[in-house]
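Every read-out reported here was derived from the displayed coordinates using simple, explicitly stated rules and does not represent laboratory data. Keep in mind that what you see is a predicted model, and the values were worked out from it rather than measured. Cβ atoms come from the backbone with ideal geometry, glycine included; neighbour counts cover every protein chain shown.
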Amino acid sequence: MSRKHLHAFIKFNFKGNFSPFLASLHSNPFSNDDRRRSKFEKVTNLDDALNLFDEMIHRQPPPSVIKFNQLLSAVTKMKHFSSTLSLFNQMCATGVRVDEYSVSSAIKCCCNLFRTKDGFALLGCCFRRRVGPNVVIFNTLLDGLVLEDRIIEAERLFKKLINHKLCEPNVVTFSTMIKGLCKFGNNDIAIGLLRLMDERGCKPDVVAYSTIIDSLCKNKMVDDAFELFKEMVFDKHILPNVITYTSLIHGLCNLGRWDEVAKMLKEMENQRISLDLQTYSILVDAFCKEGMVDKAEAVVNIMVERGECPDLVTYGSLIDGYCLRGETTKARTLFDSLTSRGLIPDVITYSSLLNGYCKSLKIEEAMLVFHEMTRKGLKPDIVAYNTMIQGFFMVGRCGDARKLFDEMRAQGNAPNECTYLIILDGLCKNQQVEEALSLFHLVGDSKLNSNIVVYNILIDGASNCGKHDIAMDLFHDVTVKGLQPDIRTYNIMISCLCVEGLLKEAKHLFLKMDESGCPPDNVTYRLLLQGYLKNKVYDDVEMLLQEMDGRSYSLDAATLSLLIDGISTGSVDRSMLKLIGRLVPKELMDTPR
DNA sequence: CGTGCCACGA
């Protein structure tokens, strides 16, 4: 404690009489520390907390600031941020002393309510009450800025802390800044900051490393993540924790690198690190997304056996898994069983079910779910609206989609990028390419219109409506704008050119892909082959098949059928049969044709 | 008594 702080401490605590101090020693039989601690642990609901506060604030002599802070902390842990703030304000209004701890709790609450601005205003309260803002308070504010995506201001505050020596940044300050950088995709700069903190004598810890490892994993750079992981463990001798492993496992799952997932789970076991709810959820989710619902169910069973209680997130993934396979009845049954498991479905859980019905084109049931969630007091959010709008488009009810879009805005939900994509796609799929194009032009020059996914939707839509010239124009736009076409763009264009019989152009684009760092995938080869065969042009067929073989690609039913037709008419040489056989996946062999 | 890292939906 600095001299200034000591002075303030004495001034506040030993001013006038000593009764509060003495009282805490012996006059109040209920105020010894053990009793009090258990009292705060018992506060598990908001009402108890508020009642206790009321009693405390009227108690004579008043309880120490620590007791108040413990209560603030308990309410904050229950995520009743507004309540904590109101308690803090009452403390200020009634003259109960507040200190760095109370202020940081209050600021954290502002930040969590996305009112970081008010958090900064509380700094003024700090100064008035001679509470010196310390590193914890600044860390909390920095985190608030990151939370609100105010990365520039976060960086400015971070630099200010250092340059103006407002406080000595600690490992939390650095890892908070690192998190902000990662959030905006600046992994390299984040790693730079990791090195910088080390140089400044602030040793990075498992949190600092895990933050970057997680970000790399989320960006599919799992191998880079493992490099950093190795550095942390072997060079810095920092032990990974369950969170570090969970991030890596998540990254591996997303890439379908199951062998390595198993390896990591084994490694955790060896390190005696137990899986937590998140780790299990990731496994459940990954299995569901791969269509292996039985494996996901097995993981849930293991959880229960091990005494873990699957939560809404876990069951939400399972609901998605059922829906993905069109098993909406099973999804609904699981959904209905949640309440008896003590879980109240939230907006996300409802949206999963909603999505299931929509994707199964059961629009009436989807609407029932949509209304049910409103009846249960849940306000549909942007994702729920987007899901339902997409559902309407999928069954061709464009008018209802439009109505819901208007209702969504009337309810105060501003359409986001995804809404835009859904509407453009919906219009295109319902033969309203012109509508889609005018909406596209209406939005004009924006981030949205520089999104390759938007172009993919429009090019695909135009092409499928037979408006190939428009498709070409749009593709030309992509190039002019300097946008990087992705694999979907190329595949859509190649398909479009083949339908038009422009095989030379299709082949040209196919060759251009590799040069542009976007190598053709399985789909590209199949599309191009189909284009050749349907147009009865056979010169490149063997070469394409050979390349596919070299890349371990495979044929699908449609392409295979065209090849067989070609062989039966003698257009495709029989000598290719062996090669074709190698390219047929087992599943296709088993299917009787 | 206060600060930072991991999971679900369009």
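Under the simplified labelling scheme, the residue A:290-residue A:148 pair shows an inter-label distance of 4.2 nm, with each label point 7 Å from Cα along Cα→Cβ. Once the Cα atoms are used to define both axes, helix A:452-464 deviates from the longest principal axis of chain A by about 30 degrees.
Helix A:328-337 and the long axis of chain A differ in direction by around 10°, with both axes built from C-alpha atoms.
For chain A, take the longest principal axis of its alpha carbons; what is the angle in degrees between that and the long axis of helix A:171-183, to the nearest 10 within 0 to 90? For A:171-183 against chain A, the angle is about 30 degrees.
The stretch between residue A:156 and residue A:118, if pulled fully straight at 0.36 nm per residue, gains 11.9 nm over its current Cα-Cα span. Modelled this way, with points 7 Å down the Cα-to-C-beta line, the labels at residue A:382 and residue A:505 are 3.7 nm from one another. Here the dipole of chain A is about 2660 debye; that uses its Cα centre as origin and unit charges on the Cβ of Lys and Arg (positive) and Asp and Glu (negative).
Compute the Cα gyration tensor for the range A:228-347, then decide on rounded, prolate or oblate, letting a ≥ b ≥ c be the square roots of its eigenvalues: rounded whenever a/c is under 1.5, prolate when a/b is larger than b/c in the other cases, and oblate in all that remain. It is prolate, given that a/c is not under 1.5 and a/b is the larger ratio.
Counting only lysines at least 8 places from residue A:507 when in the same chain, those with an alpha carbon closer than 24 Å to its own are A:467, A:481, A:534, A:536. With just the Cα atoms defining each centre, how far is the range A:486-513 from the range A:408-443? Give it in Å. Cα centroid to Cα centroid, the span is 27 Å. Charge dipole of the range A:270-310 (Cα centre as origin; +1 on each Lys and Arg Cβ, -1 on each Asp and Glu Cβ, all else neutral): 140 debye, rounded to the nearest 20. Of all lysines in the structure, the ones whose alpha carbon falls short of 27 Å from that of residue A:230, not counting any fewer than 8 places away in one chain, are A:179, A:183, A:203, A:218, A:220, A:263, A:266.
The H on the amide N of residue A:98, modeled in the peptide plane, is under 5 Å from the matching H of no residue at least 5 residues off or on a different chain. Taking label points 7 Å from Cα along the Cα-to-Cβ direction, residue A:446 and residue A:44 give a separation of 4.8 nm. Ranked by the mean number of other Cβ atoms within 10 Å of their residues, highest first, the peptides A:60-70, A:171-181, A:336-346 come out as A:171-181, A:60-70, A:336-346. Where the centre of each part is set by its Cα atoms, how far does the range A:236-278 sit from the range A:320-343, in angstrom? So the separation of the two Cα centres works out to 28 Å. Packing around the peptides A:443-453, A:278-288, taken as the average count of other Cβ atoms within 10 Å per residue, puts them in this order, highest first: A:278-288, A:443-453.
Each residue of the range A:357-372 is assigned a 3J(HN,Hα), and the resulting list reads 5, 4, 5, 8, 6, 8, 5, 5, 5, 4, 4, 4, 5, 4, 6, 4 Hz, derived from the Karplus form 6.51 cos²θ - 1.76 cosθ + 1.60 (θ = phi - 60°), x at Gly and Pro.
Peptides A:556-567, A:135-146 ranked from most to least packed, by the mean per-residue count of other Cβ atoms within 10 Å: A:135-146, A:556-567.
Around the amide H of residue A:571, modelled in the peptide plane, lies no amide H under 5 Å away from a residue 5 or more places distant or on another chain. Rounded, prolate or oblate for chain A? Axes are the square roots of the Cα gyration tensor eigenvalues, ordered a ≥ b ≥ c, and the cut-off for rounded is a/c under 1.5. It comes out prolate by the Cα gyration axes. Summed over qualifying helices (DSSP H, 4 residues or more, each -39500 (n - 2.57)) and divided by its residue number, chain A shows a 222 nm mean residue ellipticity of -21500 deg cm²/dmol.
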